[in-house]
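Undergrad: Once you've had a glance at the structure underneath, I'll fire off some questions.
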Amino acid sequence: MSSRAQVYLLSFIFIFIGIGLTIYKNSELEFPLLPGERKAIWTVEAKIEFKATDKPVTVSFALPHNPPEMGILDEDFTASGYGFGWDSNQQERRAQWARRKANGKQVLFYKVQVFKQSDAPAHEQNAIPPVETKTPDLSPSLKTTISQLVTYVYNRSADNTTFATELIRLINDKEPIEDIQLLLGNQGLSKTRLALNALALAKIPARVARGLQLEDGRRNQKLTTLIEIFDTDHWVFFNPKTGQKGLPGNFLLWQRGGSSLLDVEGGESSKASFSIIKNSQPAKSFAILHGAENQAALVDFSIYSLPIEQQNVFKSILLVPIGAIVVVLMRILVGVKTSGTFMPILIAIAFIETTLITGLIIFLVIVSIGLFIRSYLSRLNLLLVARISAVVIVVISIMAGMSILSHKLGISEALSVTFFPMIILAWTIERMSILWEEEGPKEVFTQGGGSLLVATLAYLLMTNQYVEHLTFNFPELLLALLGCIILLGQYTGYRLTELRRFQPLAED
Amino acid sequence: MFFATPCKLKQKGILGMNKRNVSYIAKYNQRSLYPLVDNKLKTKLVAEKAKVSTPKLLHVIEYQHQIKKLADLVNQYDGFVIKPAQGSGGKGILVITERTSEGFFKPSGEALSLSDIMRHASNILSGLHSLGGKPDVAMIEALVQFDPVFDRYSYEGVPDIRVIVFKGFPVMAMLRLSTHASDGKANLHQGAVGVGLNLANGKALCAVQSNRPVDEHPDTGSHFETLQVPHWEKILTLASSCYDMTRLGYLGADIVLDQKLGPLLLELNARPGLAIQVANNTGLEPRLTHIETMKKHGFSVDQRVQYSQQQFGIV
């Protein structure tokens, strides 16, 4: 078989499999083709890490328990070598992992899928009344100051809720009253602790609640602490750091009351961190995803089976081929000159972190300053590797300088400057500088402009929500993309720029 | 019209970049043969073996510590050329035409100090000009004493003749003349003048600068009408024999004319550009197809040159 026929056959097979699987997944497994108005499913993964000390290990971890406004779809406990059980009481739901003997670093996972229940009632109907709160154990002087504060707030409130609102407002006031200043400053109390103490002295039932702000693609998140108080028949939430009343939007309440989030016996340096990812899929496909039904093999061996942290990484990686096809199209069909073949993709990935306009400005600033400094370095007779290393350091300094300057000026966007791949930038500066010396500024602008043009197009495509949805939910489309790229590799027609270049030849 | 239609270009037999890459370079140039042309030192050694004349190799600098000795080496010559063995597109070539007590002079008259030259050599060794930044070696070559026949047509730089050789047959040729605009460089896209040459006799056919036809050299004002490249058959034979020497099916041979030594092979290119079509005001494709569909032949180099002159020359 000739190589040409092989190419056609191969690309046809790839495109067929890619599109075929996509259609199958769409029609049979009901994966939506468009990101649309489907119910958002949040997958939250808690990662528990600790160092076992060669003793029997018991890990007790608080789990979400009927979280308000959220429904739990599915849960998964992954810990090889550990026995699993429940450690619950009426107030709390806790998972318990145990093992006779373990040594070294241990990692346990808990994965939960939740969705937003928009029709949840504003107040819980059957809120469990709190157990009697104990008066906190405080030093006499502290107690006196806090009591003064309680009296002050009491006179300015009508009921428990207004008391708490006013208290937290005062604590968060830009210029707090003297008592609070003293308590927060000299006594070193945290805002949360102060509020809890004051509420306790005021005999208002209150407790700490911890939860997670659901944001797509987050890794290594920590829980946010809230305070809830009991007012006649329901709990009211407050954010002690902002004074905001009620639950924030897209908030998964993880633990209410209870002592600790995580207890580890037989281990040390334990910590829990959370990763979050959002899928826009109908609940039905999740049923298939986790049910042991016969069709599930395709799904089971998919990206969804990876831990969330890796899924988030893949979400970005799966966009790289999109950048690649833009490069292929722009080079083979249009004939745009770029500096470095795949540089535009790297720039585009940096743009995703910084947003387009900021990214363009940062890129231009860094490269122009870099070129300027590099032109001086070229006079110093340095060896190439040393010179590029010097440029790398210069690039890092420019980045640091830009970050600090923008921070002082209050422009937060430029802080994302760090996402630019600095070694690549240094090489770009070096190459452009050589290009400038050898072929003149015109060529530098042609290639630099070409790179930015391709990077911008790649960025626009890679950040398109439909593209993002398709690449992540239908990774088999990559095969179709591969087929297209192989086909394009055989394209022997003219490039768009050649139609201009050879235009004089076409004249009679 | 700003753009030509693809149809029209096809009809004129213009070879595009994609077709060149897929149908000629990938098909006729074996990957394993590339180092032979990508590395000028290897080209030179093969050429010497095949008795193809090239500018004399004076020295090779392989290690950074040898750069210290550069002063002793270059002081022996009045003029010389330092080039990277693996440079591409004429990058990193430093030509010194004159040496005085004040320093070294480029053809443009710009003076360089010894340390400038040492830095240049050091950059070459670090791989600054080589493809992919590979460590490289620097070659010091004898300066070509250019045939004065081109004096009227050249400004600040080196005139050279590019011949495209397909399966051993010369298929198209052009003379590249540097201009003030091209800063002494012979690359057409930088503003050098390309003069299409009649394969039959080496006479100028037409000339272009920046894609526009010109009748005279923009700096010297000499008309191209009377231009004829001397030693024409020798040039074609030299180019054609590069096929036997490298076995590359599609290649570009860059040839210069030395006053005493005649045509010398400067370098070979396994991916020659397509500007030659603009300089000749004609497409390459029909000629390539002609050679491609030829029946088996047992032609010698001379017979191939003759055949090309008859087929592609304009009488």
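What follows draws every value from the coordinates through simple rules; no lab data is involved. All values reported here derive from a predicted model rather than from experimental measurement. Backbone-built Cβ (ideal geometry, glycine too); neighbour counts: all protein chains shown.
Undergrad: So which DSSP H runs in chain A come out at 27 Å plus along the axis (Cα) with average Kyte-Doolittle of at least 1.0?
TA: Counting only whole DSSP H runs, the qualifying helices are A:3-27, A:356-377, A:384-409.
Undergrad: Next question, about the same structure. Take peptide A:382-395, look around each residue's Cβ out to 10 angstrom, count Cβ atoms belonging to other protein chains, and average those counts.
TA: Per residue, the number of nearby Cβ atoms from other chains is 2 on average.
Undergrad: Taking amide H atoms as placed 1.01 Å from N in the peptide plane, list the residues 5 or more away in sequence, or in a different chain, whose amide H sits under 5 Å from that of B:G87.
TA: B:K40
Undergrad: Please work out the C-alpha center-to-center distance from region B:230-303 to region A:190-267 and express it in whole Å.
TA: The distance from the Cα centre of region B:230-303 to that of region A:190-267 comes to 81 Å.
Undergrad: Which whole number gives the average count of other chain Cβ atoms within 10 Å of the Cβ atoms across peptide B:11-19?
TA: Mean number of neighbouring Cβ atoms from other chains: 6.
Undergrad: What is the magnitude of the charge dipole of region A:321-471 about its Cα centre, with +1 placed on the Cβ of each Lys and Arg, -1 on the Cβ of each Asp and Glu, and no other charges, expressed in debye to the nearest 20?
TA: So the dipole magnitude of region A:321-471 works out to roughly 220 debye.
Undergrad: So what's Rg/Rh here for region B:89-129, counting alpha carbon atoms and using the Kirkwood radius for Rh?
TA: 1.00
Undergrad: Let me ask something else. Report, in degrees rounded to the nearest 10, the 0 to 90 angle that the Cα long axis of helix B:301-312 makes with the longest principal axis of chain B.
TA: Rounded to the nearest ten degrees, it is 60.
Undergrad: What net charge is computed for the residues neighbouring A:R99, neighbours being all others with C-beta under 12 Å from the C-beta of A:R99, Lys and Arg scored +1, Asp and Glu -1?
TA: Neighbourhood net charge equals +1.
Undergrad: Also, quick follow-up: Under the rule a/c < 1.5 gives rounded, and otherwise a/b versus b/c splits prolate from oblate, where does the protein assembly as shown land using the Cα gyration tensor?
TA: Verdict is prolate for the protein assembly as shown.
Undergrad: Going toward the positive end of the dipole of the protein assembly as shown, with +1 on Lys and Arg Cβ and -1 on Asp and Glu Cβ, which of A:M462, A:L409, A:L384 do you reach last?
TA: Value computed over the given set: A:L384.
Undergrad: Alpha carbon centre of region A:69-119 versus region B:52-92: separation in Å?
TA: Comparing the Cα centres of region A:69-119 and region B:52-92, I get a distance of 71 Å.
Undergrad: Could I ask something else about it? Once you keep just the Cα pairs under 8 angstrom separated by 6 or more residues, what percentage relative contact order results for chain A?
TA: Relative contact order for chain A comes out at 21 percent.
Undergrad: When the Kirkwood hydrodynamic radius is evaluated over all pairs of different C-alpha atoms of region A:405-508, what value in angstrom, to one decimal, is obtained?
TA: Mean inverse Cα-Cα distance, inverted, gives 18.2 Å.
Undergrad: Using only Cα atoms, tell me the angle between helix B:232-246 and the longest principal axis of chain B; keep it within 0 to 90° and round to the nearest 10.
TA: With rounding to tens, the tilt is 80 degrees.
Undergrad: Another one. Let me have the 222 nm mean residue ellipticity of chain B computed from DSSP H runs of 4+ only, each contributing -39500 (n - 2.57), with the sum over all residues rounded to the nearest 500.
TA: The helix-only estimate for chain B comes to -7000 deg cm²/dmol at 222 nm.
Undergrad: Assigning unit charges at the beta carbon (Lys, Arg +1; Asp, Glu -1) and nothing else, what dipole magnitude in debye, to the nearest 20, does the protein assembly as shown show about its Cα centre?
TA: Taking the Cα centre of the protein assembly as shown as origin, the dipole is about 1540 debye.
Undergrad: At a Cα cut-off below 12 Å, give the aspartates and glutamates reachable from A:K101, other chains included and same-chain residues fewer than 8 away excluded.
TA: Excluding near neighbours in sequence, the set is A:D54, A:E265.
Undergrad: Right, another one. Let me confirm one metric for peptide B:117-127, namely the mean number of other chain beta-carbon atoms within 10 Å of its residues' beta-carbons.
TA: Across the residues of B:117-127, the mean count of other-chain Cβ atoms within 10 Å is 3.
Undergrad: Oh, and also: What residues have an amide H closer than 5 Å to that of A:W235, excluding those fewer than 5 places away on the same chain, when H is modeled at 1.01 Å from N in the peptide plane?
TA: A:E124
Undergrad: Further, regarding this structure: Using mean Cβ contacts within 10 Å as the protection proxy, how do A:343-353, B:258-268 order, highest first?
TA: A:343-353, B:258-268
Undergrad: Which Rg and Dmax, in Å, describe the Cα atoms of region A:201-242?
TA: 13.2, 41
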